[in-house]
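Novice: Got a structure for you, written out below as structure tokens; questions coming shortly.
The values are calculated or read from the model by the stated rules, or taken from the named source; none is laboratory data. Small disclaimer: the values here were computed from a predicted structure and weren't measured. FYI the Cβ positions are ideal-geometry reconstructions off the backbone, even for glycines, and counts take in every protein chain you see. SASA here: full protein model, heavy atoms, side chains in, ligands and nucleic acids out. Shrake-Rupley method; radii C 1.70, N 1.55, O 1.52, S 1.80 Å.
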Amino acid sequence: MNALDSLYQQVILDHAKARHGDGPLEHADAEHFERNPTCGDEITVRVRIEPGTDRIAELAWQGDGCSISMASASVLTDMAPGRTVPEFLELTEAFREMMRSRGAGEPDEDVLEDLVAFQGVSKFVMRVKCGMLAWVAAEAAAREATA
């Protein structure tokens, strides 16, 4: 394992241990539940939108699962607030593309920021859903909150 892979693995482990955004969210505008039937990971994501805008004010989640899914949810909580829903959906799609890449190509760190740590996960098809679980739930909740 090279130094960069080790750093990325540490980012995932750190987020899995110190889970940002794990907890209830009062006055959420929408919530969405997702479950990975393959491994049993589950998550509910709640989103609050700034009144009169399409900007994500706050995002929180509650769930249980592997370190990959919990770390991904933690990174989501750091990256979603402050973005408009269209900006968030673009970020989600960029993450989805990287996760479907099977490790090919170089991810755009300017766009994906800490999500580049999950590029190694993309090499393991059975783990991709773990990495995407919270993002799929947040995507649905954000769409519902602004519908």
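Novice: When the dipole is taken about the Cα centre of the chain, and only Lys, Arg (+1) and Asp, Glu (-1) are charged at their Cβ, what size is it in debye, to the nearest 20?
Specialist: Result for the chain is approximately 540 debye, rounded to the nearest 20.
Novice: Rolling a 1.4 angstrom probe over the protein heavy atoms, how many square angstrom per residue are accessible across the chain?
Specialist: 51
Novice: Also, quick follow-up: As a check on your grasp of the helix formula, calculate [θ] at 222 nm for the chain: sum -39500 (n - 2.57) over DSSP H runs of n ≥ 4, divide by the residue count, round to the nearest 500.
Specialist: -15000 deg cm²/dmol
Novice: If you don't mind, another one. Rounded if a/c is under 1.5, else prolate if a/b beats b/c, else oblate: with a ≥ b ≥ c from the C-alpha gyration tensor eigenvalues square-rooted, which is region 60-147?
Specialist: oblate
Novice: If Lys and Arg each add +1 and Asp and Glu each add -1, what is the summed charge of the other residues whose beta carbon sits under 12 Å from the beta carbon of residue 39?
Specialist: 0
Novice: Shape call for the chain from the C-alpha gyration tensor, a ≥ b ≥ c root eigenvalues: rounded (a/c under 1.5), prolate (a/b greater than b/c) or oblate?
Specialist: Note, shape of the chain comes out prolate.
Novice: Count charges around residue 75 for me, please; just the other residues with Cβ under 9 Å from its Cβ, Lys/Arg as +1, Asp/Glu as -1.
Specialist: -3
Novice: At 1.4 Å probe size, with the rest of the protein present, what percent of the exposed accessible area of region 17-114 is carbon and sulfur atoms?
Specialist: Exposed carbon and sulfur together represent 43 percent of the surface.
Novice: Find out how many positive minus negative residues lie around residue 87, taking Lys and Arg as positive, Asp and Glu as negative, among other residues whose Cβ is under 12 Å from that of residue 87.
Specialist: Local net charge: -1.
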